[in-house]
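Trainee: This is the structure, below, for whatever I ask next.
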Amino acid sequence: MGTLYERVTSFSNLLQAARRAARGKRFRPNVAAFSLNVEEELHSLQQELVSHRYRPGSYRTFIIRDKKPRFISAAPFRDRVVHHALCNIIEPIFDRGFLFDSYACRKGKGTHAAVERASTFARRYRYVLKCDLEKYFPSIDHEILFTQMTRRLHDPDVLWLVRTIVDGSNPQPAMVRHYPGDNLFTPFERRRGIPIGNQTSQFFANVYLDRLDHYVKETLRTPGYVRYADDFLLFDHDKHRLHDHRAAIEDLLMRVRLRLHPRKCFVAPVTSGFTFLGYRIFPALRRLDADHVRRFKRRLRRYHQAVAEGCMSDAQRRDCIRSWIAHARYADTAHVRSRILGDSGESA
């Protein structure tokens, strides 16, 4: 079997990582160039990793303006291969300790499973505490994350690679926050923020909030709990207990230098409905969130315009529409789908 790091850097693992990193992107110039000489590229990458000469490349950054502006960072393809190679080996080690109701970027989980679980709890309990973290990925503290990684990983070479990837994160949007025990300069001295878009970032985000999951389930003893990345829900019959839970969670998050979003956290009756992962959830039904519907209408107009201008094929347009239909069918949306897609030539 070899050491953990030998498994990470084995040629077979790197080859599998390259294939995973290339999914859906094979015709992009950088991916195609790497794939053309894949054996030579992987041997070179393997030697850099084994000798600790590997250094992450520069990120390409851009902003996605959808529901809200998001700062996205795209790593070079060879770095994405390393990210997949690392996660292939160490993710199962951590996943065994993750709680059942953590749903982001885990095998057998995902958005729709999380929404289904939230719907089940909405039928079972009277009240929901909806929480969202403020600027989660830009807030993740490097030293706290690395300390959490060392609790499960004991191979110094693997920890070197984790540190190299984390410290190789590009600067995130400026943000100054003080926490209990800080002096005036602490926020400027601590490195924070990991790039949205990396395979490792999704995994690191789950590791960082695993402490919250165990606290909610084992200390607060809340049976109705669902988390997807930085969005999470607590359910109970007692709304006062949920308010107490919110205060306790705020205290816990302060210890890992995170904050709840002040305008997106509230306690409400489940009968009033609540928004989660693009759906509006009620005890007896699910709808698509109104903002989600409006954004898709705008995208649909852009698809039609792109086809007319020759920038997108009709087959690509249909694939995009079918992907949205699959998402929409997880809610009671027959009328909405029919109304929006009536002129698109697609079956709703």
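The values are calculated or read from the model by the stated rules, or taken from the named source; none is laboratory data. Since the structure is predicted, the reported quantities are computational estimates derived from the model, not experimental observations. Backbone-built Cβ (ideal geometry, glycine too); neighbour counts: all protein chains shown. Accessible surface is based on the protein model in full, side chains and every heavy atom, while ligands, DNA and RNA are left aside. Shrake-Rupley method; radii C 1.70, N 1.55, O 1.52, S 1.80 Å.
Trainee: For SER272 and ALA74, compute 0.36 nm times the residue count separating them, minus their Cα-Cα distance, and round to one decimal in nm.
Mentor: Working it through step by step, the gained length comes to 67.4 nm.
Trainee: Please work out, to two decimal places, the log10 of the ratio I(q)/I(0) at q = 0.07, 0.11, 0.14, 0.15 Å⁻¹ from a Debye calculation in which every Cα of the chain carries one identical scatterer.
Mentor: -0.35, -0.88, -1.31, -1.41
Trainee: What ranking do 87-96, 313-322, 12-21 get when scored by the average of other Cβ atoms within 10 Å per residue, highest first?
Mentor: 12-21, 87-96, 313-322
Trainee: If you don't mind, another one. Run the quick spin-label model on ILE93 and GLN47: label points 7 Å from Cα toward the beta carbon, then report their separation in nm to one decimal.
Mentor: My value for the distance between the label points is 2.7 nm.
Trainee: If you don't mind, there's one more thing I want to ask. Would you work out the relative contact order for the chain, in percent, from Cα pairs under 8 angstrom that are 6 or more residues apart?
Mentor: That works out to 20 percent.
Trainee: Here's something else I'd like to know. Where the accessible area of the chain is counted over protein heavy atoms with a 1.4 Å probe, how much of it, in %, is carbon and sulfur?
Mentor: That share works out to 51 percent.
Trainee: Using a 7 Å offset from Cα along Cα-Cβ at MET175, what residues in the stretch 195-215 end up with backbone N under 20 Å from the label point?
Mentor: Backbone N within reach: 195-213.
Trainee: While we're looking at this one, here's another question. Using the heavy atoms of the protein chains and a 1.4 angstrom probe, tell me the accessible area per residue for the chain in square angstrom.
Mentor: Dividing the accessible area of the chain by its residue count gives 51 Å².
Trainee: For MET254 and THR219 in one chain, what is 0.36 nm times their gap in residues minus the Cα-Cα distance, to one decimal in nm?
Mentor: 10.9 nm
Trainee: Right, something else. Please give the FRET efficiency for GLN316 paired with ILE63, using the beta carbon to beta carbon distance and R0 = 41 Å, rounded to the nearest 0.05.
Mentor: 0.95
Trainee: Still on this structure, I have one more. Under 20 Å from the 7 Å Cα→Cβ point of SER323, by amide nitrogen: which residues of the stretch 103-118?
Mentor: Inside the label zone: 104-115.
Trainee: Per residue of the chain, what 222 nm ellipticity follows from adding -39500 (n - 2.57) for every DSSP H run with n ≥ 4, rounded to the nearest 500?
Mentor: Using -39500 (n - 2.57) per qualifying helix, the result is -15500 deg cm²/dmol.
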